[in-house]
């Protein structure tokens, strides 16, 4: 409610479509709001919650995996996570929002993205576990009294699985940010007066086609930057580099 | 929430949308195939250089990396502005009453190409081609055949091409279908994604659900086709190696 009030109070119809100036570095939008500030608000209000959701999904998956571990993973659980992981998250979120009607749209987006991220992380960990648990040094660790959980954390999560998990995390972040912006553009995610990179692009797209592309290009540049950021971070981390020969 | 009867009774479902979507997907398949064929010619040259692919501890071909995904929402507007500003080419879909079929076929190229880049398919095909060549070149049977002066590239190319094609299609298909709605919407291409969005805007939830269901069915069928092709290819490869 406070967020909406703030967004409404920034509206100044007299200052609509002002060109870039010292006061407004990227100019103003169709309701006279500072465009740079609005892009910043979109990143804070829309992109950061998406990042937090994906991170939360991965943490929940790791926690459930470790809690479950000494037992065998049941086939329905493996099938369900693999099926959810294989579904196109964007189309799934779009379908859920269309069928759910007009309420709590952003919450639904976050819910779908969170479930998709959790399923992806869980499926990845199950696959890694099934692949590695019969390795010689894993079995030796177990024979010397190491528990399955400790084995998974020490030999898997913090060593052999970390690079691929990081890659999967970055991929989930990228796709989730793209899905959020896409749904915002389609009018199914975050709605005006709240800001999303998608709804900023949508609001100025017609004007861009008529020869004033600055607001659209600024929002597009922000979307490009925010969606490639996980990839840049991943490449600078040590887990990215290929393993040395044995 | 919507009831099932609402979906089955929906009358305004647009079947022509399926044709437009099929056209875009067909172009996408052509681009993927072309990139794979190009990869066979260019990547096998690069494979003579020692690749980091071969330094993997378990000896398997490298599969994963974070693919370069540029959201179609960012890519498509830039492409439309650039085409208009530089060459006065209008990439928006022609939706007139008597639009020529050839014009529609040509108009589907731009959305398909951006989908090809936006879904990471291009990057995936290139990355897989490089790693597959490097992996198979390191196999002893290839060294033996090379020692006998046989044309290894000619024998490997169809096998590697098929593997790359199936693997990249399997990896990127979810992203393709995720990006399909936005690509059709930005390019005004009246496909299933576009119509489901239009129906959703007019609160015709039954028709929207029907369009989305058809998209999911198409996704499932393509996935099944890839699965069975992979299964058969796996048997052939085992025999070959």
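Some notes on this structure:
- Of A:33, B:203, A:149, the sequence from fewest to most neighbouring Cβ atoms within 10 angstrom is B:203, A:149, A:33.
- Residue by residue along A:180-189, Cβ atoms of other protein chains within 10 Å of the local Cβ number 4 on average.
- What the Kirkwood sum gives for the stretch A:16-239 is a hydrodynamic radius of 19.4 Å, with every pair of different alpha carbons counted.
- Shape of the stretch B:104-186, Cα gyration tensor, a/c cut at 1.5: prolate
- Among A:46, A:22, A:234, the largest mean-square fluctuation in a Gaussian network model of chain A (Cα springs under 10 Å) belongs to A:22.
- Take the Cβ atoms of residue A:45 and residue B:100, set R0 to 41 Å, and the FRET efficiency comes out at 0.35.
- Relative to the longest principal axis of the Cα atoms of chain A, the long axis of helix A:75-86 lies at roughly 30 degrees.
- Peptide A:213-225 has a mean of 3 when you count, residue by residue, the C-beta atoms of other protein chains within 10 Å of its C-beta.
- For the protein assembly as shown, the Kirkwood radius over C-alpha pairs fed into Stokes-Einstein at 25 °C and 0.890 mPa s yields D = 100 µm² per second.
- Exposure proxy order (Cβ contacts within 10 Å, fewest to most) of A:84, A:190: A:84, A:190
- Label-point gap, in nm, between residue A:149 and residue A:64 - each point 7 angstrom along Cα→Cβ: 1.8
- With one equal scatterer per alpha carbon and no solvent term, the Debye-computed log10 I(q)/I(0) for the stretch A:70-125 at 0.15, 0.25 1/Å reads -0.48, -0.94.
- Helical runs assigned H by DSSP (4 residues or longer) give chain A a calculated mean residue ellipticity at 222 nm of -21500 deg cm²/dmol, each run adding -39500 (n - 2.57) before division by the residue total.
- Neighbour counts of other Cβ atoms within 10 Å put B:199, A:205, A:137 in the fewest-to-most order A:137, A:205, B:199.
- Test item: B:193-200 mean partner chain Cβ contacts at 10 Å: 3
- Reduced Cα scattering model of the stretch B:150-241, Debye log10 I(q)/I(0), q = 0.19, 0.24 Å⁻¹: -0.88, -1.14
- Principal-axis analysis of the Cα atoms of chain A puts helix A:105-132 at an angle of about 20° to the longest axis.
- With Cα atoms, 0 to 90° folded angle of helix A:162-185 axis to chain A main axis: 30
- Applying Stokes-Einstein at 25 °C and 0.890 mPa s to the Kirkwood radius of the stretch A:37-89, computed over alpha-carbon pairs, gives a translational diffusion coefficient of 181 µm² s⁻¹.
- Relative contact order of chain A: 23 percent, from C-alpha pairs under 8 Å at least 6 residues apart in sequence.
None of the figures in this text is laboratory data; all of them are computed from the coordinates on show. Everything numeric here is computed off the predicted structure, so don't read it as measured data. Cβ coordinates were reconstructed from backbone atoms using ideal geometry, including for glycine residues, and neighbour counts include every protein chain displayed.
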